[in-house]
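I have placed the structure first, in the form of C-alpha cells, so that the comments after it can refer back to it.
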Amino acid sequence: MNFFIVDNGSIFTYEIASKLKLNGHGCTIQEYSPYNALDPADADVIILSGGWQYEVGDVLEDNQLWFRHEFDLIRNTNKPILGICLGHQIINVALGGSMLKLERPVQEVVSVSVNTEGQNLLGYTKIDVLEHHDYAVDDYSKTGLIELAKSQDGTEILYHPERSFIGTQFHPEIFVNDTSEQLFFDLIGLIHRPKGLQI
C-alpha cells in the first residue's frame, strides 16, 4: 500500500514513515508549503502529520494562504485520510469545525477513554498514548465527524465514515506500550482495508 504523508513540521513525521516502511508499505513525504500544491495521485492513503502552528485557517496573518492546499485536499479528495495532532485539527476546521487553545501545553503519555461507538469500530475501551500539543478540537457538530474517544483535555479521535477520514489528537506513530503498534495500524485499517488486504 502507498502512503502520501504531508509533513506539517512535526518532529515525528519520519517515525510515521519508518513504521510504515518496516511493514512493507511505500511512502512519499511532501513538506507542506502554502506555495506548493499537494499531489497524492499515486497514494492509497493520505496522512496529515502534526506540527506547531498557532492556529488553523484558510488565511492567517498578512493574508497568507497557509493551509489552503490542505483544506482543498480534505474537501475534494476521495482518498482515505489519517490526520495526526495538527492534521486532526486541520480536518475538523476544513469541514467547518473550530479549535481552542488549552490552558497548558500537553506533552505526556495520557489515558484516553474510547466510547461505545469507538469500541465497536476499533475494539479498545482505553488506550495510553503520547500527547504533544497546545491546541485541541473545540466544536465539530457541523462537520459530519463523530467522536470515538476523549480524554480530560477533550476530543481525541474523530471519524467520518462516509469520507473515510480519521483524526487523532494524540500521536499513534509513537509507540508507548505493547498495544501501540496494533492501534496505529487499526486506525489505518478503519479507513482503508481493501478486501483480502492484511495491514
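Residues that are touching a residue at least 24 places away in the same chain (Cβ under 8 Å), closer than 15 Å to VAL109 by Cα and open to solvent by 40 Å² or more (accessible area, probe 1.4 Å) are absent from the range 157-174.
Scanning the range 85-99 for residues that are part of a loop (DSSP other than H, G, I, E, B) and either closer than 16 Å to VAL129 by Cβ or open to solvent by 20 Å² or more (accessible area, probe 1.4 Å) (or both) yields a total of 4. The number of residues in the range 1-32 being open to solvent by 30 Å² or more (accessible area, probe 1.4 Å), part of a loop (DSSP other than H, G, I, E, B), farther than 16 Å from GLN169 by Cα and in contact (Cβ under 8 Å) with a residue 24 or more places away in the chain comes to 2.
Of the residues making up the range 105-118, those that are open to solvent by less than 30 Å² (accessible area, probe 1.4 Å) and assigned to a strand (DSSP E or B) number 4. A search for C-beta distances below 9 Å between a residue of the range 39-53 that is under 17 Å from HIS69 (Cβ atoms) and any residue that is of a type in the set (A, V, I, L, M, F, W, C) and modelled with pLDDT under 90, counting only pairs 6+ apart in sequence or on different chains, returns GLN53/LEU60; GLN53/TRP66; GLN53/PHE67. Here the condition is being in a strand (DSSP E or B) and open to solvent by 10 Å² or more (accessible area, probe 1.4 Å); of LEU102, LEU121, LEU82, LEU73, it holds for LEU102 alone. Summed over the range 33-67, residues that are out of contact with any His (no Cβ under 7 Å at 6 or more places or on another chain) and at pLDDT 85 or above total 12. Scanning the range 124-133 for residues that are surrounded by 16 or more Cβ atoms within 10 Å (Cβ to Cβ) and of a type in the set (Asp, Glu) turns up just one, GLU131. Within the range 100-138, if we keep just the residues that are among the hydrophobic types (A, V, I, L, M, F, W, C) and closer than 15 Å to TYR159 by Cβ, the residue that is nearest to the chain's Cα centre (by Cα) turns out to be VAL137. Restricting attention to the range 119-169, the residues being over 15 Å from GLY83 (Cα atoms) and of a type in the set (S, T, N, Q) number 6. Of the residues ASP153, ASP178, ASP186, ASP139, the single one that is open to solvent by 20 Å² or more (accessible area, probe 1.4 Å) and free of Cβ contacts under 8 Å to residues at least 40 places away in the same chain is ASP178.
The values are calculated or read from the model by the stated rules, or taken from the named source; none is laboratory data. Just so you know, these numbers come straight off a predicted model, no measurement behind them. Cβ: placed from backbone, ideal geometry, glycine included. Neighbour counts: every protein chain shown. Surface accessibility is based on the protein's heavy atoms, side chains included, excluding ligands, DNA and RNA. Shrake-Rupley method; radii C 1.70, N 1.55, O 1.52, S 1.80 Å.
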